[in-house]
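A.B. asks: Below are the C-alpha cells for one structure; questions will follow.
The values are calculated or read from the model by the stated rules, or taken from the named source; none is laboratory data. Note that the coordinates shown come from a computational prediction; the quantities given were computed from them, not determined experimentally. Cβ placement follows ideal geometry from the backbone for every residue including glycine, while neighbour counts extend to all protein chains displayed. The protein model used for the area step is the full one, side chains on, heavy atoms only, and it has no ligands, DNA or RNA in it. Shrake-Rupley method; radii C 1.70, N 1.55, O 1.52, S 1.80 Å.
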Amino acid sequence: MPEIEHVILVTDHAYINGGVSKVAIDEAKGLAVTGRRVTYFAAIGPVDESLKQAGVEVVCLNQPDISEDKNRAAAMLRGLWNREVASVLTRLIEDADPDHTILHGHSFSRGLSPAFGPAFVSGKLPHVYTMHEYFLACPNGGFYDYQRQEICKRRGMGVRCLCTNCDSRHGAHKIFRVARHAILQGMGRLPRALRDIVYISQTQLEVMRPYLPKAATLHHLANPIAIDPTAGRTKAEDNDVFLYVGRLSPEKGCVDFAKAARDAGVRAVFLGKGSQEDAIRQENPNAELLGWVNTDEVTHWMSQARALVFPSLWYEGQPLVSMEALSKGLPVIVANWNAAAEQIEHEKTGLIYTEREKLTDVLKQLTPAFAKELSINAYNNREAYGNSVKDHVDSLLNIYRKTGE
C-alpha cells in the first residue's frame, strides 16, 4: 500500500495498566517520533501524559474499566456492545485519508467491546490486529480453567466449553463471557473478517491458528523491551534470592512457587499483589511479599537474585519480565507449557521443568556454580532478548506496508 502517514491505534486503556497498554503506548510514541500523525483511541481513561507530550492525538472516552465499574448492570451492557465506541471510531475512520491511514488494534475485552469490530474491519481503512492474549478464540481470554487450575484443551465455544464453568469468578460470569464472544463472532465479525494479524510468540500462534481465518496474513512481531547493552552482569552465583515478579493470581502459579521454595529451603521474594497473597503466606510463612514496586526496585531485586522463577500455569503471550531477567544475566526457571520457555536454552541460560511437582527439585538444582554458568551464558546472549521501541516500530511499519498484499 502507499506510504503510511497516519496511524489510528485502537485499544482499551489510555494509560499503562499492564503489558498490552504499555506496548500500545510505546508504539504510539515510537510512531510519532517518525513524524507520522498518530491517533490513539481508547475507551478507558485517564490519559497517560506521555502520549500528549510525544505529540500523539488522543481520543479517549474516559469510561471506567468494565471490571471496576460499580454499576455492574451498566458495565455488563457496555461490555457486550459499547455503542459510543462504535460511533466515535466510525467517525475517526470516515475523517481519515483512506490512501495513507491504517488501523491498528490491540485489545477490546475491558472497554471497546465487540462493537469496535464492524468499523475496524469495514474495509474503509486497512487494518492490523495484534493478539496479546486469546480473546479472539476463548471466552475467558486465556484457555485456562480457573476452577481446575489447568490449561483448557476444550475447543473455544464448543459444546464442552459451553458446558464448563471455567471462569475465575463464578458461573454467571462465564455466561456473560460466552454471550460477549457470541456477539464478537456474529455482529462483531471477529476474528473471521481480520486480514492482517500480528502474533507475539510461537506458543500463541500454535494455540490460535485453528481459530484464525485462513485468508488472513500472519505476521510475527515480538513486543518491545529496552535492553541496556552496557549494564554489567548480575552475579547470580553470589545471591540467594529466588525472585517472582507479577500478579499474585491463580493462573500465575505463584502458590506453586511458594510451596516449592518452602520444600527446597530457598529464599522466595514476591514482587506483586493479587488474590493469592494469603495462600502464599499459608504455604510459605517465610516468603517475602513486597507488593508492587517501581522499575528501579525491580532492577535492584533482580541484581540480588540467583534466578527469576516464572511458574505461570497458562500459555501466556510473550512474557517481558523473563526477557529482561535474561538480558541482565539472571537465569530463568520456567514451565515448558508457557511462552517464556521459548526464550530459554535449557541448562544453558535457564531451567525448564515439565511438571508442576518438579519445581522443588529444579530450585534445588540451581547451585551457585550452576547459576554462574547459566548467568554468563544468558548475559553473553543479551542482545538477542532486546527489541527496542525503534526496532519494533521499524518492523511494524514494514508490516503496515504489506497489508492488503
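A.B. asks: Using the scaling law 2.2 N^0.38 Å as the reference, what is the normalised Cα Rg of the stretch 116-189?
C.D. replies: Details: Rg = 13.7 Å, N = 74, 2.2 N^0.38 = 11.3 Å.
The reported ratio for this selection is 1.21.
A.B. asks: Would you kindly give the portion of the calculated P(r) for the stretch 176-295 that falls above 21 Å, as a percent of all Cα pairs? If you can, show how the numbers build up before the last one.
C.D. replies: Numbers: 4478 of 7140 pairs.
Roughly 63 percent, rounded to a whole number.
A.B. asks: For the pairs Lys124/Lys390; Lys259/Lys358; Lys252/Lys358, flag any whose C-alpha to C-alpha distance is greater than 22 Å.
C.D. replies: On the way: Lys124/Lys390 28 Å; Lys259/Lys358 11 Å; Lys252/Lys358 16 Å.
Violating the 22 Å limit, Cα to Cα: Lys124/Lys390.
A.B. asks: If we count every other residue with Cβ under 11 angstrom of Arg356's Cβ, Lys/Arg +1 and Asp/Glu -1, where does the sum land? Could the numbers behind the result be given before it?
C.D. replies: On the way: positive: Lys259, Lys358; negative: Glu150, Asp256, Glu355, Glu357.
Net charge in that neighbourhood comes out at -2.
A.B. asks: Tally Lys and Arg at +1 and Asp and Glu at -1 over the other residues with C-beta under 15 Å from the C-beta of Ser50: what net charge comes out? Mind showing how you got there, number by number?
C.D. replies: On the way: positive: Lys22, Lys29, Lys52; negative: Asp26, Glu27, Asp48, Glu49, Glu57.
Summing Lys and Arg as +1 and Asp and Glu as -1 gives -2.
A.B. asks: Now a separate question. Quick query: amide H of Arg110 versus all other amide H atoms, modeled in the peptide plane; which residues come in under 5 Å with a sequence gap of 5 or more or a different chain?
C.D. replies: Under 5 Å from the amide H of Arg110: no residue qualifies.
A.B. asks: Over the C-alpha atoms of the chain, what are the Rg and the largest Cα-to-Cα span, Dmax, in Å?
C.D. replies: 21.4, 62
A.B. asks: Using amide H atoms built in the peptide plane, which far-off residues or other-chain residues are under 5 Å from Leu351 H to H?
C.D. replies: Val332, Ile333, Val334
A.B. asks: Give me the net charge for the shell around Val207: Cβ to Cβ below 15 angstrom, other residues only, Lys and Arg +1, Asp and Glu -1.
C.D. replies: Neighbour charge sum, excluding Val207 itself: -3.
A.B. asks: Right, next: In debye, nearest 20, what is the charge dipole magnitude of the stretch 134-242 about its Cα centre with +1 on Lys and Arg Cβ and -1 on Asp and Glu Cβ, if you could check?
C.D. replies: On the way: 16 positive and 9 negative charges, 179 e Å.
Taking the Cα centre of the stretch 134-242 as origin, the dipole is about 860 debye.
A.B. asks: Could you sort 44-57, 148-161 so that the peptide with the highest average Cβ count within 10 Å comes first and the rest follow in order?
C.D. replies: Working: 44-57: 16.4, 148-161: 14.4.
With the highest mean Cβ count within 10 Å placed first, the list reads 44-57, 148-161.
A.B. asks: Would you mind working out the magnitude of the charge dipole of the chain relative to its Cα centre, with +1 at each Lys and Arg C-beta and -1 at each Asp and Glu C-beta, to the nearest 20 Debye? Could the numbers behind the result be given before it?
C.D. replies: Working: 46 positive and 48 negative charges, 249 e Å.
With Lys and Arg at +1 and Asp and Glu at -1, about 1200 debye.
A.B. asks: If you don't mind, another one. Might you report the magnitude of the Cβ-based charge dipole of the stretch 106-154 about its Cα centre, with Lys and Arg at +1 and Asp and Glu at -1, to the nearest 20 debye?
C.D. replies: Numbers: 5 positive and 3 negative charges, 20 e Å.
With Lys and Arg at +1 and Asp and Glu at -1, about 100 debye.
A.B. asks: With every protein chain left in place and a probe of 1.4 Å, what is the accessible surface of Cys60, to the nearest 10 Å²?
C.D. replies: Surface open to solvent at Cys60 totals about 30 Å².
A.B. asks: Does the stretch 216-287 come out rounded, prolate or oblate, given a ≥ b ≥ c as the square roots of the eigenvalues of its C-alpha gyration tensor, rounded meaning a/c under 1.5 and, failing that, prolate meaning a/b above b/c?
C.D. replies: On the way: a/c = 2.81, a/b = 1.35, b/c = 2.08.
It is oblate, given that a/c is not under 1.5 and a/b is not larger than b/c.
A.B. asks: Sorting check: for 169-175, 100-106, 219-225, 322-328, which peptide has the highest mean count of neighbouring beta carbons within 10 Å, and how do the rest follow?
C.D. replies: Details: 169-175: 13.4, 100-106: 23.7, 219-225: 18.6, 322-328: 25.3.
Result, highest mean Cβ count within 10 Å first: 322-328, 100-106, 219-225, 169-175.
A.B. asks: Residue by residue, what Karplus-based ³J(HN,Hα) values in Hz, rounded to whole numbers, does the stretch 231-237 have, using 6.51, -1.76 and 1.60 with θ = phi - 60° and x for Gly and Pro?
C.D. replies: Those phi angles translate into 5, x, 6, 5, 7, 4, 5 Hz.
A.B. asks: Taking every pair of Cα atoms in the stretch 271-341, average 1/r, invert it to obtain the Kirkwood radius, and report Rg/Rh to two decimals. List each step's numbers first, then the result.
C.D. replies: Details: Rg = 12.8 Å, Rh = 13.3 Å.
Rg/Rh for the stretch 271-341 comes to 0.96.
A.B. asks: Separate question: Can you tell me the length gained on complete extension of the stretch Gln202 to Asp65, counting 0.36 nm per residue apart and subtracting the Cα distance?
C.D. replies: Working: separation 137, 0.36 × 137 = 49.32 nm, distance 2.99 nm.
Extending this stretch completely gives an extra 46.3 nm.
A.B. asks: Compute the whole-percent fraction of alpha carbon pairs in the stretch 302-405 spaced more than 21 Å apart. Don't skip to the end; give the middle numbers.
C.D. replies: Numbers: 2100 of 5356 pairs.
When all Cα pairs of the stretch 302-405 are counted, 39 percent exceed 21 Å.
A.B. asks: So what is the diffusion coefficient of the stretch 81-121 in µm² per second by Stokes-Einstein at 20 °C and 1.002 mPa s, using a Kirkwood Rh over Cα pairs?
C.D. replies: D = 201 µm²/s.
A.B. asks: I've got another one for you. Report, to one decimal in Å, the Kirkwood hydrodynamic radius for the stretch 229-369 based on all distinct Cα pairs.
C.D. replies: Numbers: mean 1/r = 0.0680 Å⁻¹.
For the stretch 229-369, inverting the mean 1/r across all distinct Cα pairs yields 14.7 Å.
A.B. asks: A further question follows. If you roll a 1.4 angstrom probe over the protein chains with everything in place, what fraction of the accessible area of the stretch 172-226 belongs to carbon and sulfur, to the nearest %?
C.D. replies: Values: 1360 of 2370 Å².
Here it works out to 57 percent.
A.B. asks: While we're looking at this one, here's another question. Any idea which of Ser395, Ala226, Gly188 is furthest toward the positive side of the dipole for the chain, if Lys and Arg beta-carbons carry +1 and Asp and Glu beta-carbons -1?
C.D. replies: Towards the positive end, the residue furthest out is Gly188.
A.B. asks: Over the Cα atoms, compute the radius of gyration (one decimal) and Dmax (the largest Cα-Cα distance, rounded to a whole number) for the stretch 1-60, in Å.
C.D. replies: That works out to 10.8, 34 Å for Rg and Dmax.
A.B. asks: Reachable lysines from Lys328, Cα under 20 Å, same-chain residues fewer than 8 places away excluded?
C.D. replies: Lys235, Lys348, Lys372
A.B. asks: So what is the 222 nm mean residue ellipticity for the chain from helices alone, if each DSSP H run of at least 4 adds -39500 (n - 2.57) and you divide by all residues, rounding to the nearest 500 deg cm²/dmol? Walk me through the intermediate numbers first.
C.D. replies: Details: 15 runs with 142 residues, N = 405.
Taking each H run of at least 4 residues, the total per residue is -10000 deg cm²/dmol.
A.B. asks: Which of the three applies to the stretch 342-390, rounded, prolate or oblate, going by the alpha-carbon gyration tensor with a ≥ b ≥ c and a/c under 1.5 meaning rounded?
C.D. replies: Values: a/c = 3.42, a/b = 1.64, b/c = 2.09.
The shape class here is oblate.
A.B. asks: Under 19 Å from a label point 7 Å along Cα→Cβ of Met187: give me every residue in the stretch 16-49 with its amide N that close.
C.D. replies: So the set is 43.
A.B. asks: Assign one of three labels to the stretch 1-128, namely rounded, prolate or oblate, based on the Cα gyration tensor with a ≥ b ≥ c the square roots of its eigenvalues; rounded applies when a/c is under 1.5, prolate when it is not and a/b is larger than b/c, and oblate otherwise. Write out the running numbers ahead of the final one.
C.D. replies: Values: a/c = 2.31, a/b = 1.35, b/c = 1.70.
In terms of gyration-tensor shape, oblate.
A.B. asks: Separate question: Can you work out the base-10 log of I(q)/I(0) for the stretch 71-163 at q = 0.16, 0.24 1/Å, using the Debye formula on its C-alpha atoms alone?
C.D. replies: -0.79, -1.20
A.B. asks: Given a Förster distance of 45 Å, report the FRET efficiency between His6 and Glu357 from their Cβ-Cβ distance, rounded to the nearest 0.05. Write out the running numbers ahead of the final one.
C.D. replies: Values: r = 53 Å, r/R0 = 1.18.
Calculated value: 0.25.
A.B. asks: Can you list the lysines whose alpha carbon is less than 22 Å from that of Lys70, not counting same-chain residues fewer than 8 positions off?
C.D. replies: Output for Lys70: Lys174, Lys273.
A.B. asks: Over the chain, what is the mean sequence separation of C-alpha contacts under 8 Å (at least six apart), divided by residue count, expressed as relative contact order in percent?
C.D. replies: Details: 844 pairs, mean separation 60.0, N = 405.
15 percent.
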